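Step one of this worksheet: look at the structure below.
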Amino acid sequence: MKIERLETREDFVSLLKSIIDPLVGLMTPHKAGMIIGDTAAHYDGKAAMMEAFSRPLWGLVPLWAGGDKDERYKEIFREGLVNGTDPENSEYWGECHPFDQRFVEMAAISYGILYTRDVIWDPLSEKEKDDLSKYLYHINEYELPVCNWLMFAVLVNIALRSVGRRYSEELLNRYLDEFETFYVGEGWYSDGVSGQKDYYVSFAVHFYNLVYADRCGDIDPVRAEKFRERASEFARQFIYWFDETGGAVPYGRSLTYRFAQTAFFSACVMTKLTPFPLGVMKGIIVRHLKYWFEKDMFDRDGILTIGYGYPNLIMAERYNAPGSPYWALKTFAFLMLKEDHPFFREKSAELPDLKGPHPLYSAEMYIYHHGIRSTLFVPGKYSSEGHGQLPAKYSKFAYDSGFGISIAKSCYEIHENCPDSMLAFKIDGYIYVRRICKEGKILKDGVYSKWSPYKGISVVTNILPNEKGHIRIHEIESDIECEAYDCGFCVKKEEGITISEKKIGYARVSNSFSFCEVKGDNGCEGEVINADPNTNLLWNKTLIPAVRYSIPKGRSVLNTVITASTEEV
């Protein structure tokens, strides 16, 4: 679906309603859930039902807060909220337990109480208020993962406090204090004990912090101001993730949330924080939404699918249920603003000049902004234990907004493993890539990492980005002889257009709008890997240019040059 215009509040409201409307007909009889699809997540069906109900609230709450007069959604979701929290109702969301997905979904309901109590809370009977407040309070009775989940409890407690209901002051303060330990500098947090720094810093940590600052600034002004200052500092680094087309770097988990990638800037606008001029932030949001609505992310019934540029279960995490993608509606936070707010009158401005290299030391990232695309380089330091596909989502050498990334289907065949932007070792019929590095550092001119793909093999990799691509220097100590593929970016296969070339020390793939070429030394062989369908996040068919090295026992040094562009070729 191509969006012709996004300027006025009415334009954005119309877009939001086009996303919400197809869901209404899928609601269960008592409106406490939706039957969206047949795939499963690791949590139980009742929790998945609650998720499908709650996530649209991330868009509806701002719609209501901004003064929308349409009563239809309000009545439906109020009915569902009442029935989902009534233990006697057949659609009751179920009892809670430690690390429960229900706690995630309580955040959206708390968002509603904090900003639209006249819709979510005030019309309820005393019994209904009791049921709802008791249900939300369960988050204080069970253990939570030590990560952004702590802020779910913060939102729940300040929401309960705001309506005079039982809450935990002790846990509220403890979680806020514990969250402080996640701060690493320059506006960046890690996502708790995992150490991960990804989109959760933007669409979770800072989003919730700004909500806290907005709702609790009079009670806790020092912390509120600190949250706002950190968000401003973060914005000046996070902006490099976005390119001039509206795309953003596909990096880390939960990429199925798609246009939530710009929810942070929407939260800034909502809370009147201006790290950039209003027109610049509007431009980021508008281009991003237009970018996404040109992708095949909806099914034929208008339902958001699990996937990225198209429906794709291969890339999903174990916590992606059919309702999960509606986290994306966080991006509509700016609808809190009234129709006459300057944001809706402002013209969308272009990005400031971001071109060139940008080391982000606290984030442990290095970004080279090319204008029409942005490339993120990382040492791959995060644990490979987790929710699925973490090596592909955190341990590639480069993540590019124009080329996307690929996800492995297996570790048996190179075309199934799809190790774009990786050095992939082939040993005894298996493919081994960088899963986690032993050492990693962001340097003034690039990224250093020391890692081991396999027992008896140690690799030191230095990545040197430049305006045309990047250089990889691998110093390898190996106890065995094997092969290694040094792979470039995936290039979309266009029927009758895509051209691939390979020869000694060289491989190149090009289509009508992009190319990637890989050059190597030491007599390596050029290869073009025909990646399995549906492995790349942006394109359903791709080719990967690579060079194949013979790795001897002992020490060897490989020099690989990657050149790429998404300009017209």
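Each reported figure results from applying straightforward, stated rules to the coordinates on display, with no laboratory input. As the structure is a prediction and not an experimental result, all values here were calculated from the model. Reconstructed Cβ throughout: ideal geometry from the backbone, glycine too, with neighbour counts over all protein chains shown.
Be a star and scan the range 1-28 for residues whose amide nitrogen sits under 17 Å from the point 7 Å along the Cα-to-Cβ vector of residue 301. From the range 1-28, the list is 18-28.
Shown is the FRET efficiency for residue 184 and residue 225, computed with R0 = 22 Å from the Cβ-Cβ distance and rounded to the nearest 0.05: 0.70. A convex hull fitted around the alpha carbon atoms of the range 9-345 yields 126 Å³ per residue.
Taking each residue as 0.36 nm, the span from residue 341 to residue 142 lengthens on full extension beyond its C-alpha to C-alpha distance by 67.5 nm. The residue 495 and residue 467 beta-carbon pair, evaluated with R₀ = 30 Å, returns a calculated FRET efficiency of approximately 0.45. Modelled label positions at residue 444 and residue 349, each set 7 Å beyond Cα in the direction of Cβ, lie 3.2 nm from each other.
Given 366, 463, 402, which one lies farthest toward the positive end of the charge dipole of the range 356-565, if we put +1 on the Cβ of every Lys and Arg and -1 on the Cβ of every Asp and Glu? Toward the positive end, the furthest listed residue is 366.
Extension gain, residue 5 to residue 166, is 53.4 nm, computed as 0.36 nm per intervening residue step minus the present C-alpha separation. The separation of the range 332-368 from the range 425-477, counted between C-alpha centres, amounts to 32 Å.
Maximal additional length on extending the residue 430-residue 530 stretch stands at 34.3 nm, based on 0.36 nm per residue less the C-alpha distance. Here the label points at residue 122 and residue 567, each 7 Å from Cα along the C-beta direction, are separated by 5.7 nm in the simple model.
Strictly greater than 35 Å: what percent of every Cα pair in the chain meets that? Tail fraction, whole percent: 37. For residue 129, a cut-off of 24 angstrom between C-alpha atoms picks up these lysines, skipping any fewer than 8 places away in its own chain: 31, 46, 69, 74. Each of 340, 479, 420, 191 was scored by other Cβ atoms within 10 Å of its Cβ. Listed from fewest to most, they are 340, 479, 191, 420.
With helices as the sole contributors, the chain gives -9000 deg cm²/dmol at 222 nm; each DSSP H run of n ≥ 4 counts as -39500 (n - 2.57), and the sum is divided by every residue. Between the beta carbons of residue 76 and residue 416, assuming R0 = 30 Å, the FRET efficiency works out to 0.10 to the nearest 0.05. Loop-located GluC sites (Glu not before Pro) in the range 125-230 (DSSP state not H, G, I, E or B) with no more than 15 neighbouring Cβ atoms inside 10 Å: 141, 143, 186.
Counting only lysines at least 8 places from residue 355 when in the same chain, those with an alpha carbon closer than 19 Å to its own are 444, 468. Annotation for the range 445-529: trypsin sites (Lys or Arg not before Pro) lying in DSSP loop with at most 10 further Cβ atoms inside 10 Å of their Cβ are 455. Dipole magnitude for the chain: about 940 debye, using +1 per Lys or Arg Cβ and -1 per Asp or Glu Cβ, origin at the Cα centre. Please give the Cα centre distance for the range 544-569 versus the range 78-110, rounded to the nearest Å. Cα centroid of the range 544-569 versus Cα centroid of the range 78-110: 51 Å apart. When the trypsin sites (Lys or Arg not before Pro) in the range 228-289 are filtered for DSSP coil states and for at most 16 other beta-carbon atoms within 10 Å of their beta-carbon, the remaining sites are 272.
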